[in-house]
Amino acid sequence: MEVVTRPHIIAPGSIAATIGMFDGLHRGHAMLIDYLNRQAHSRGLKSAVITFREHPQNVLRPDTDLQMIMTLDDRIEAIRRHGADYVILMDFDLQLARLDSFNYIKLIRDNYGVKLLITGFNHRFGHNRSEGFDDYVRHGKELGVELMQAEEYRGQYSPVSSSIIRRLILAGKVDDAACCLGHPFVLHGMVEHGYEVGRELGFPTANIGNIDPSVVIPHRGAYAVRVKIGNGHWQGGMANIGIRPTVGNGGHHQSIEVHIFDFAGDVYDKPIDVQFVRFLRTELKLGSLEELKRQLVEDRARSQQILRECHDYSI
């Protein structure tokens with residue numbers, strides 16, 4: 001798959017495309033891209049997913065600070081896994097936002113060689129949002145661009161949307177989010193030095209920093225997780241997101257700490273991926289370190305049981 005970052009490098013009339021944010025690359029997105037690939041290849045065209053570096057809502061309403069399910073790199077990789085020939089990165093700005101749907105179609109035709117444009121079931125584009133798919137078809141005929149509309153995803157977990165999935169993650173419902181996504185929610189970071197209280201309790205933890213600030217963080221609490229250090233393999237573990245109220249050494253600063261089961265290697269300053277499997281409990285302020293240790297023993301047992309049940313976590 002080729003990543004296109006500037007216009008006019010693709011042959012005119014050679015592309016079947018769909019356009020959208022594709023945050024999380026959920027089941028509905030996957031169905032749309034699969035449909036795009038089939039339609040493109042049946043016409044002898046290359047398939048392209050057009051997406052934006054920045055979410056349009058953060059451009060139009062910067063005070064909202066919408067957080068993402070995936071980093072841009074993860075989104076590109078997910079699109080690649082679904083077999084698109086190109087991913088086209090566009091910058092959503094106020095100039096683009098002011099275009100009507102006719103000039104929107106014209107722009108992607110002229111800049112990226114689009115011959116066939118496939119829209120999602122309820123996708124709208126252009127500032128004249130009162131227009132619908134029939135209007136897009138009419139504009140397309142004038143511009144020499146065929147318009148098609150994909151069917152709505154009606155699978156077991158419908159309806160799915162990036163907005164619904166963000167709310168699930170924020171509520172700690174990471175297993176429900178994974179069902180809607182079709183894959184687990186993952187955070188990426190680097191292992192940093194922490195306070196090492198967990199080590200004293202027999203539960204050494206990797207303190208995770210350098211997380212992309214644009215990515216949504218699950219609700220405070222403990223989770224069963226899978227963890228990968230660097231290019232290693234996935235291992236079972238448990239994570240805590242919160243301010244460490246029992247030991248009281250974090251102030252109001254939120255941390256993400258991971259204990260990896262049966263692991264004794266050096267993890268400091270290494271990249272780490274954390275795959276959230278299931279919520280265990282809310283963050284608790286306990287009366288002593290001994291109580292905290294007993295709670296961690298219980299968390300470990302529950303996490304190990306959950307991970308045994310979810311041995312094959314390819315949703």
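The values are calculated or read from the model by the stated rules, or taken from the named source; none is laboratory data. Bear in mind the structure is a predicted one, so any value in this text is a computation, not a measurement. Counting neighbours? That spans all protein chains shown, and the Cβs are built from the backbone with ideal geometry, glycine included. Areas reflect the complete protein model, heavy atoms only, side chains present, ligands, DNA and RNA absent. Shrake-Rupley method; radii C 1.70, N 1.55, O 1.52, S 1.80 Å.
On the basis of being of a type in the set (A, V, I, L, M) and more than 22 Å from residue 39 (Cα to Cα), does residue 89 make the cut? Even if it seems obvious, please write down each step before you answer.
Working: of a type in the set (A, V, I, L, M): yes; more than 22 Å from residue 39 (Cα to Cα): no.
Answer is no for this residue.
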> What is the residue count in region 108-140 for residues that are assigned to a helix (DSSP H, G or I) and open to solvent by less than 50 Å² (accessible area, probe 1.4 Å)?
Replying inline: 9
> Can you name the condition, by its number, that residue 105 falls short on among (1) free of Cβ contacts under 8 Å to residues at least 60 places away in the same chain; (2) part of a loop (DSSP other than H, G, I, E, B)?
Replying inline: (2)
> Are there any pairs with C-beta distances below 9 angstrom linking a residue in region 139-157 that is more than 28 Å from residue 181 (Cβ to Cβ) to a residue that is in a loop (DSSP other than H, G, I, E, B) and acidic (Asp, Glu), with the two at least 6 apart or on different chains, and if so which?
Replying inline: 139/100; 139/131
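Mind checking which residues of region 274-299 are surrounded by fewer than 18 Cβ atoms within 10 Å (Cβ to Cβ) and either under 29 Å from residue 212 (Cβ atoms) or modelled with pLDDT of 95 or more (or both)? Before the answer, list the steps.
To start, the set of residues in region 274-299 that are surrounded by fewer than 18 Cβ atoms within 10 Å (Cβ to Cβ) comprises 281-291, 293-295, 297-298.
Of everything in region 274-299, those that are surrounded by fewer than 18 Cβ atoms within 10 Å (Cβ to Cβ) and either under 29 Å from residue 212 (Cβ atoms) or modelled with pLDDT of 95 or more (or both) turn out to be 281, 282, 283, 284.
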> Got a sec? Which strands (runs of 3 or more DSSP E) wholly within region 1-102 have at least 1 residues that are under 22 Å from residue 183 (Cα atoms) and open to solvent by less than 50 Å² (accessible area, probe 1.4 Å)?
Replying inline: 15-19, 46-52, 86-90
> How do the pairs read when you match residues in region 279-299 that are under 25 Å from residue 184 (Cβ atoms) with residues anywhere that are of a type in the set (Ser, Thr, Tyr), using Cβ under 7 Å and keeping only pairs 6 or more apart or on different chains?
Replying inline: 279/223; 280/223; 280/303
